[in-house]
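Report on the following structure.
Where a number appears in this text, it was derived from the coordinates with a stated rule and is not lab data. None of these values were measured; they are calculated from a predicted model. All Cβ positions, even for glycine, are placed from backbone atoms using ideal geometry, and neighbour counts span all protein chains on display.
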Amino acid sequence: MNAKRLFSTAAALVLTLSLGVTAGYAEDKSPVSLRAVGGANMGGTWNVGLAGIGKLVNDRYPGSTFNILQGSSSSNPMRLEANSGDITVTQSLNTYSAVTGTAPYKKKMNNLTSIANLRDLTRFHVICSKKIPVDSLDELLAKKIPFKLDRGKPGQMHHEIGKRILAEYGLTYDDIEKWGGNVSGVSNNDLVSLMQDGTIDVAFKVGAGEPSQLQEMVLSADVKWLSISEKVLKAVAEKSGLSVGVLPGSFFGGAVGRDIPCLVDNSVIIMRKGVSEEDAYKVTKSLVEGYKELAIIQPAWNTMDPKTMATDMILPLHPGAEKYYREVGLIK
């Protein structure tokens, strides 16, 4: 074999191997193993949704595992930052606070990236017993009525947003107790019964759409929704990355009664920066290909749409997610 022919053969072999590596990456079927941090309730929206993502990934990459761990909206970014989780769900509020190093966090986080925007439009509710003669949170606080509040546990979304709202009135949770009220963070499983028997008469809650827990509350407890002044809503939104939206009066079978301006947020799927590009690629690919199936597993996430999954997120995309979105033309 002459030198020219030998060189051509070697070049062809190198090209073949190179193409094989590229194709192998695109068709890599090795399993994904990730620690997924969900919400406080193991049967709650985020835990079920993350388990659904695990199924989508395993269907495409057999042998994959998503180990679902308990967490909370506010603590989930910290879990990833500290490498005690790989993928989680949180609110845009928390990603804003994470990158700015503002409350509830004490410093900026640098280990977080985005995977997808769920677009689930989470609303902040102020639910009150009809026995209390007020129609707004402004009135309730101005009269210093000694109400019994469930503000959620520290780290939960309703606790953190409620704290920011009270701050705009110049108040804290402690102030409510000073004028004879009671403030607690009860279990999600107990809230309906406690509202029903009068142990709790006001609740701060966050939820997407019409959460089943609140539907149950409407059926079993005599409740109403309180409004918050537009000035307060705008002030909180400007300082937190939230937006001002509307709680439709038609919600919960018309129990809301009137359209009420409220703070709105949306959930985002985020990932630890140190997760491999390959695993992030596979998770993103599974989400885009299986988003309709995920909406069946977790109906609260039926707002997901590949066209908007990579948009309007505060954290940068994980390089693996960005690679996939670019490959299929979802981002330029």
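In the chain, taking the dipole from charged Cβ atoms about the Cα centre, the farthest positive-side position among Gly54, Ile270, Gly152 is held by Ile270. Over the range 260-325, all Cα pairs binned in 5 Å intervals from 0 give whole-percent P(r) values of 3, 16, 25, 23, 18, 9, 3, 2, 1, listed from short to long.
Each Lys or Arg adds one and each Asp or Glu subtracts one; over the other residues with Cβ under 15 Å from the Cβ of Ser33, this totals +2. Give, as ranges by residue number, the residues of the range 312-332 whose backbone N falls under 19 Å from the point 7 Å along Cα→Cβ of Asp305. Counting only backbone N, you get 312-314, 325-326, 328-332. The P(r) of the chain has a tail past 29 Å containing 43 percent of all C-alpha pairs. Taking Cα centre as origin and charging only the Cβ of basic (Lys, Arg, +1) and acidic (Asp, Glu, -1) residues, the dipole magnitude of the range 113-174 rounds to 200 debye.
Where the only charges are on Cβ atoms (+1 Lys, Arg; -1 Asp, Glu), what is the dipole of the range 122-264 about its Cα centre, to the nearest 20 debye? Let's see the in-between values first.
Details: 17 positive and 18 negative charges, 43 e Å.
Taking the Cα centre of the range 122-264 as origin, the dipole is about 200 debye.
Helices in the chain that qualify as membrane-span-like (whole DSSP H runs, Cα extent of at least 30 Å along the helix axis, mean Kyte-Doolittle hydropathy of 0.5 or higher) are 3-26.
Pairs over the 30 Å Cα-Cα cut-off, from the set Lys231/Lys273; Lys205/Lys292; Lys292/Lys323; Lys130/Lys178; Lys108/Lys323; Lys55/Lys148: Lys231/Lys273; Lys55/Lys148. With R₀ set to 22 Å, the beta-carbon distance separating Glu278 from Ile331 gives a calculated FRET efficiency near 0.70. Dipole size of the chain about its Cα centre, with +1 on Lys/Arg Cβ and -1 on Asp/Glu Cβ: approximately 820 debye, rounded to the nearest 20. Sorting Val202, Val37, Val183, Val283 by the number of Cβ atoms found within 10 Å of their own Cβ, with the fewest placed first, yields Val183, Val202, Val37, Val283.
In percent, what relative contact order does the range 104-259 have, based on Cα pairs under 8 Å that are 6 or more apart in sequence? Intermediate values should be presented prior to the final figure.
Details: 211 pairs, mean separation 49.8, N = 156.
Result for the range 104-259 is 32 percent.
In angstrom, the C-alpha Rg and Dmax of the range 122-264 are 13.8, 37. The label-point distance for Ala82 and Leu219, in a model that sets each label 7 Å from Cα toward Cβ, rounds to 3.9 nm.
Using only alpha carbons, build the gyration tensor for the range 98-164 and give me the equivalent ellipsoid semi-axes, biggest first, whole Å. If you can, show how the numbers build up before the last one.
Details: eigenvalues 206, 47, 18 Å².
Working from the Cα gyration tensor, I get semi-axes of 32, 15, 10 Å.
A simple count of charges around Ser243, restricted to other residues whose Cβ falls under 12 Å of its Cβ and scoring Lys, Arg +1 and Asp, Glu -1, yields -1.
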